[in-house]
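Every number here is computed from the coordinates shown, using simple stated rules; none is lab data. Because the structure is a prediction, the values reported are computed rather than measured. Ideal geometry is used to build each Cβ from the backbone, glycine not excepted, and the neighbour counts take in all protein chains shown.
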Amino acid sequence: MNDLRKESVTWTNIDEGSCDQRIDNFLCKHLKGVPKSHIYRILRSGEVRVNKKRVDQTYRLQLGDHVRIPPVRVAEAQDRDYVPALEFPILYEDDALLVIDKPSGVAVHGGSGVSFGIIEQLRSARPQAKFLELVHRLDRETSGVLLLAKKRSALVHLHEQMRDGKNDKRYLCLVLGKWQNVKQHVKLPLHKFNTQNGEKRVMVREDGQTSHTIFTLQKSWPEFSLLEAQLKTGRTHQIRVHLAHLGFPIAGDDKYGDFSRNKELIKQGLKRMFLHAHSITFTHPLTAEAMQLSAPLPKELQGFMDELDGKTL
């Protein structure tokens, strides 16, 4: 693409990397720093053309489409837009997929007070990549397996698998309390809402979205239990809210946890939420090969469990 800050019309042909993407999302990505309201305005006015025709914001780009992008003046804001290039530990990579071991404390994308996240840092580190998108998300404090697609066809195929329940995501979590059942299905509807300060939260409510988690006991101590959580649905904060509602909050959870116990745990060495995406199983979107990828428990979580084995907290 040419520099879109120049006062000249830009023409671009759509390749596989942008095929099937909505035109408004395409423009947001390529006109960085331009407010969405302005993007919708140039679409409504007909200044954006696809194959010489007007389109609305819902139009999905097709392979070979010829797109006219009008001149857009944007105040230079290099410092504000700067994203440091950073790679993350790679669990698997090929032409279609990038699977990384996400560290705790890093957002997967910018927004909600975070100027950039993993996806922006990876794009900055890989300027030659024509396409790179998150397949799914992990909470900022959650570590573990994170899938990214390097082709739009791979992204679409993986999203279909997730919608159809054909993938298997499993997490390890340490909860407060002594869990009784070896295996327990939890089906509690979840409702999303915003707090007064605009923070997104989730609660169990009868009119919420259907949610299903299977918890399997891995190990227990007098005051803690290690569980494997298998997601059958993928709702926001699902594992955290299901466990908190049942009276077994995740150790170190700063949103739904036991805040007084969390302060004690920090002194005892646990300075983050004990939730780790340890494995994912899916079908490779291009080869149809069965894939099973896992990420080892981070040393700070393993170390805390070793402390539990050595003494009673």
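Maximal additional length on extending the SER37-GLN196 stretch stands at 54.7 nm, based on 0.36 nm per residue less the C-alpha distance. Given springs between every Cα pair under 10 Å in a Gaussian network model of the chain, which of THR210, THR233, THR287 has the largest fluctuation? Maximum fluctuation in the GNM of the chain, among the listed residues, is at THR287. In a simple Cβ point-charge model (Lys, Arg +1; Asp, Glu -1; nothing else charged), the range 148-281 has a dipole of about 400 debye relative to its Cα centre. Take 264-273, 189-198, 167-176 and order them by the average number of nearby Cβ atoms within 10 Å per residue, most first; the result is 167-176, 264-273, 189-198.
Build a GNM of the chain with springs between Cα atoms under 10 Å apart, and of MET291, MET203, MET162 the one that fluctuates most is MET291. The GNM of the chain, with springs linking C-alpha atoms under 10 angstrom apart, assigns the highest mean-square fluctuation among VAL202, VAL114, VAL186 to VAL114. Other residues whose C-beta falls under 14 angstrom from the C-beta of HIS237 contribute a net charge of +4, scoring Lys and Arg +1 and Asp and Glu -1. Projecting the Cα atoms of PHE304, VAL108, LEU61 onto the dipole axis of the chain, where Lys and Arg carry +1 and Asp and Glu carry -1 at the beta carbon, places LEU61 farthest toward the positive end.
Can you bin the range 226-313 into rounded, prolate or oblate? Criterion: square roots of the alpha carbon gyration tensor eigenvalues sorted a ≥ b ≥ c, rounded for a/c under 1.5, prolate for a/b above b/c, oblate for the rest. Since a/c reaches 1.5 but b/c is at least a/b, the shape of the range 226-313 is classed as oblate.
Add +1 for every Lys or Arg and -1 for every Asp or Glu among the other residues with Cβ under 15 Å from the Cβ of GLY46, and state the total.
Neighbourhood net charge equals +4.
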